[in-house]
Amino acid sequence: MNKTFKSTIYLNTLFLSLLIITIFLPSCGVYSFTGASIPPEAKTISIQYFQNQATLIEPTLSPTFTNTIRDQFTSQTNLHLVDKNGDLALEGEITDYKVTPEAIQGNQTAAMNRVTITVNVRFTNKFEPDKDFETKFTQFRSYLSTEDFNSVKEQLIDQITSDISDNIFNKAVVNW
């Protein structure tokens, strides 16, 4: 046999092996291309409504955050969302929402303001209880004090809730 023929057989065998691994690895339910590592027996997730218990109440914050975290888990995993008693479960509350001055200038005015949101989360995993946790997640975004807060508030809340949702998702099922 010539070298070219041997090389072709080797490459074809390698390609076929990789193809088989690629087909069967995701179907085992342990790994997904989002990096989620979920027990194969877990089929459902319940995510309760996150009440806003912060001193300052923003009416859109609870539904925005709850929908963001629900969307993340249902779009990035094969888990089905159920009302309660999911194989994986998330619950908690928004504990802080505040707007504070940042970057004080020489004339004692703020050049920037900061929006901060803190969410307390309890996660339970029926199949791997050692991965259960209760943790507070905090994120913030800054905006220029010359901007009208009401015109940037929705965008800031969306960005912050997305960041917190990513952090919760990573802690709960990515395990990196």
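The values are calculated or read from the model by the stated rules, or taken from the named source; none is laboratory data. Computed from a predicted structure; not experimentally measured. Virtual Cβ from ideal backbone geometry, glycine too; neighbours counted across all protein chains shown.
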State whether one or more residues within the range 74-90 are under 27 Å from residue 55 (Cα atoms), assigned by TED's automatic domain parsing to the domain that holds residue 50 and under 18 Å from the mean Cα position of the chain (by Cα). yes
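Here's the yes/no breakdown for (1) in contact (Cβ under 8 Å) with a residue 12 or more places away in the chain; (2) under 30 Å from residue 39 (Cα atoms); (3) in a loop (DSSP other than H, G, I, E, B):
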| position | (1), (2), (3) |
| --- | --- |
| 81 | yes, yes, no |
| 100 | yes, no, no |
| 123 | yes, yes, no |
| 130 | no, yes, no |
| 139 | yes, yes, no |
| 152 | no, no, no |
| 155 | no, no, no |
| 169 | yes, yes, no |
| 172 | yes, yes, no |
Which numbered condition trips up residue 112, out of (1) assigned to a loop (DSSP other than H, G, I, E, B); (2) in contact with a strand residue (DSSP E or B) (Cβ under 6 Å, 6 or more places away or on another chain); (3) at pLDDT below 95? (1)
Quick check: is even one residue across the range 131-142 in contact with a Phe, Trp or Tyr (Cβ under 9 Å, 6 or more places away or on another chain), buried (at least 16 other Cβ atoms within 10 Å of the Cβ) and under 22 Å from residue 48 (Cβ atoms)? yes
Quick check on the range 143-170: of everything there that is of a type in the set (Asp, Glu) and under 29 Å from residue 88 (Cα atoms), which residue is surrounded by the fewest Cβ atoms within 10 Å (Cβ to Cβ)? 158
